[in-house]
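The values are calculated or read from the model by the stated rules, or taken from the named source; none is laboratory data. Everything quoted here is computed from the prediction, not taken from an experiment. Reconstructed Cβ throughout: ideal geometry from the backbone, glycine too, with neighbour counts over all protein chains shown. Accessible surface is based on the protein model in full, side chains and every heavy atom, while ligands, DNA and RNA are left aside. Shrake-Rupley method; radii C 1.70, N 1.55, O 1.52, S 1.80 Å.
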Amino acid sequence: MIIAGKYSFNHGEEKILLKYPHLLQEIETIISCVEADRCKTKTSAEKTMPGKLLYSPSKLNAVFKSIFLEKEWTDDKENKVYCDYPTEFYTSAYTPKHPPNSRVRPYRSMDFRKEQLGVEVQFGKYAFMVYNVCAKMTIFRNLGLIDTGVEIVPIKQFADEMSTGVSYFEQFVWDLRQRGVADIDIPVLILGVDA
């Protein structure tokens, strides 16, 4: 796999090169080790491309995970932040059948982390890319777990070889540039990858 595009959101690349050049090199090595063609295993059942062989996002994620773990990055199991949802904002007209924290304890997790650099690998819907960079990474920074981030996403050409609805680098960069940087945003390097 190759890095086909880079976008430095809120000076992400500059900050990473100053503080984590060794980790950026590891990430670049990890990306180059991913043999994407081995993940082209999903047969499409979609009307627009019936029977076409596509890249499987879950298989790609599994390959990334195994290589990140080999390089001794912590994974989502170790990077959990448990959420105690507030109940004091319910109105008097509402009585929950089950309090929000009564069943399985909800949590947020980051795909990978080493030192204070967080990494998310996203081969899913557009909303997850935006959430990762504009919400989750900020939350993890506020908790003192990371100070910068890397988001790995497919470029359009690669996303076109996956199921419909998978977002891509070019769309994500356009939206981030139109949105601008807010004072709460952390530095993030967006890497667009291709098979």
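Some values worked out for this structure:
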| read-out | value |
| --- | --- |
| Neighbour net charge for residue 130 - beta-carbon separation under 12 angstrom, K R +1, D E -1 | -1 |
| Percent antiparallel among DSSP beta bridges (both partners in the range 1-149, rounded to 5) | 85 |
| Percentage relative contact order, the chain, counting C-alpha pairs under 8 Å, at least six apart | 31 |
| Per-residue ³J(HN,Hα) for the range 110-127, Karplus 6.51 cos²θ - 1.76 cosθ + 1.60, θ = phi - 60°, Hz, x for Gly and Pro | 10, 4, 8, 8, 8, 6, 10, 10, x, 10, 10, 10, 10, 10, x, 5, 4, 4 |
| Euclidean distance of C-alpha centroids, the range 121-191 and the range 1-52, integer Å | 12 |
| Simple Cβ-charge dipole of the range 48-168, Lys/Arg +1 and Asp/Glu -1, about Cα centre, in debye nearest 20 | 360 |
| Full-extension gain in nm, residue 29 to residue 58, via 0.36 nm per residue minus C-alpha separation | 8.4 nm |
| Shape category assigned to the range 27-85 from the gyration tensor of Cα positions, a/c cut at 1.5 | oblate |
| Qualifying aspartates and glutamates (Cα of each under 20 Å from Cα of residue 47; at least 8 residues distant if same chain) | 160, 161 |
| Identified option (computed Cα extents along the principal axes in Å; candidates (i) 86, 31, 24; (ii) 54, 47, 36; (iii) 118, 44, 24) | (ii) |
| Charge context of residue 59, other residues only, Cβ under 12 angstrom, K/R +1, D/E -1 | +2 |
| The range 113-160: trypsin sites (Lys or Arg not before Pro) in DSSP coil with no more than 14 other Cβ atoms inside 10 Å | 125 |
| Residues of type aspartates and glutamates that residue 80 reaches as a straight line, Cα spacing below 12 Å, ignoring anything fewer than 8 places off in the same chain | 111 |
| Å² of accessible area per residue within the chain, as computed with a 1.4 Å probe and no ligands counted | 54 |
| Proximal lysines relative to residue 42, as straight alpha-carbon distance under 24 Å, when same-chain residues fewer than 8 apart are discounted | 52, 59, 65, 125, 156 |
| Heavy-atom accessible surface of the chain: percent carbon and sulfur, 1.4 Å | 53 |
| Length-normalised contact order of the range 41-110 in % [C-alpha pairs under 8 Å, at least 6 apart] | 26 |
| Local net charge near residue 141, Cβ-Cβ under 11 Å (Lys/Arg +1, Asp/Glu -1) | -1 |
